[in-house]
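Read-outs: derived from the displayed coordinates by stated rules, not from any lab. Model, not experiment: these values are computed from the prediction. With ideal geometry, Cβ positions are generated from the backbone for all residues, glycine too; neighbour counts draw on all protein chains shown.
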Amino acid sequence: MPCSSSLQLLPFAVPIPTLPSQRSSLSSSCPSALCCRSSFSSSSSLDKCKPHDCFSVSSVPSPDRTTSRFRKRAWPVPKPVPVTSSSSAEVGVEEEEEASVNGDLFPEGLSRDLMPRHVAVIMDGNGRWAKARRLHPSAGHQEGVRVLKEMIKLSCKWGIRVLTVFAFSAENWLRPKAEVDFLISLFESVLRADIENFVRENIRLCVIGDSSRLPVSLQILINEAEEMTKDNTRLDLLVAVSYSGRNDIVQACQKIAGKVKDGLLEPGNITESIIEQELETNCAADFPCPDLLIRTSGELRVSNFLLWQLAYTELFFTSSLWPDFGESEYVEALHSFQQRQRRFGGRV
């Protein structure tokens, strides 16, 4: 994500793609987008390999190895997954989630009355997770998809209203083209496969960021997904793609300046509320500013993410890499939030 952030894109499982036999040349200087740091080989020789060499996550080699048993490979091309109808198992999950809302399965030690309404996440560490296991960086992104899927499910279960995730920063366009192409293709393939899942689960999707830089096919797909889910009410899922917190403020100021120029707004009437209405997070009109920001991987910064909106947000940093972030870590973050006194500059 940001220059050290991550969002492993949307939440639903993507099949493990088949790797091409030719390795591509990739720079070793730039961390991988969507949440990670990783290094790449500059070799361009041909090499036969099996897909599972790079993507198997069931067999994890010892992280103390000093050399990789895998050669660097080209970024694979994600393939879309056909959407299937709900199974009986999925129906069981829905019943479980309904019970959790009623309190039967609510995590011990958490209060429903003190839950944050809006949670934002910088998902960082996919590349480092893959590197520690001598896997191709794309394996970390695939695992990050699985983790995000679980986090969205838990957010729905526990009554969180808005979840904002940092998928791809405006600065990530500076990374190697092969890596950028993989990440954008991954986002598109997952989104295409799971629009119907969002509709079925009553999740409203909103993609924020400079969409003009995205492929036309992805822009069209985003518009379709937002239109299909616009009336959903269970959870607002905001996905930041090609996003910059500074640019968000700049574009809001430009819109306001246009209204002043057209005589629709007096300069003296510009307030914080007016500016907030023009920020991209205004699609979550009820709760536009996060109550809690979670960042994984041990990095202690916000990386140009939601700069205006984070003014009074509670921050939680964890050393867990994003693919290792599970329910217990999420509960820990929520418990930390519930122990804090939010004074907003005043006194309690």
*Going by C-beta contacts inside 10 Å, put Cys283, Cys253, Cys206 in order with the fewest on the left.*
Cys253, Cys283, Cys206
*Given charges of +1 on the Cβ of Lys and Arg and -1 on the Cβ of Asp and Glu, with all other atoms neutral, how large is the dipole of region 104-216 about its Cα centre, in debye to the nearest 20?*
180 debye
*Could you tell me whether region 98-220 comes out rounded, prolate or oblate from its Cα gyration tensor? Rule is a ≥ b ≥ c as square roots of the eigenvalues, rounded for a/c under 1.5, then prolate if a/b exceeds b/c, otherwise oblate.*
prolate
*Given labels modelled 7 Å from the Cα in the Cβ direction, how far is it in nm from Trp173 to Arg112?*
4.5 nm
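If the chain between His335 and Val250 were fully stretched, how many nm would it gain, using 0.36 nm times the residue separation less the Cα-Cα distance?
Additional length available on full extension: 27.1 nm.
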*Hey, fewest Cβ within 10 Å first, where do Tyr243, Tyr330 land in order?*
Tyr330, Tyr243
_Length gained when the stretch Asn269-Ile220 is fully extended (0.36 nm per residue, less Cα-Cα span)_ = 14.0 nm
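Does region 188-300 come out rounded, prolate or oblate, given a ≥ b ≥ c as the square roots of the eigenvalues of its C-alpha gyration tensor, rounded meaning a/c under 1.5 and, failing that, prolate meaning a/b above b/c?
On the way: a/c = 1.78, a/b = 1.56, b/c = 1.14.
Note, shape of region 188-300 comes out prolate.
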_Label-to-label distance, nm, for residues given as Ser328 and Asn282 (7 Å Cα→Cβ offset)_ = 4.4 nm
*Going through region 213-272, which GluC sites (Glu not before Pro) have at most 11 other Cβ atoms within 10 Å and a DSSP loop state?*
none
_Given Lys157/Lys230; Lys131/Lys177; Lys131/Lys230, the pairs whose alpha carbons are separated by over 30 Å_ = Lys131/Lys230
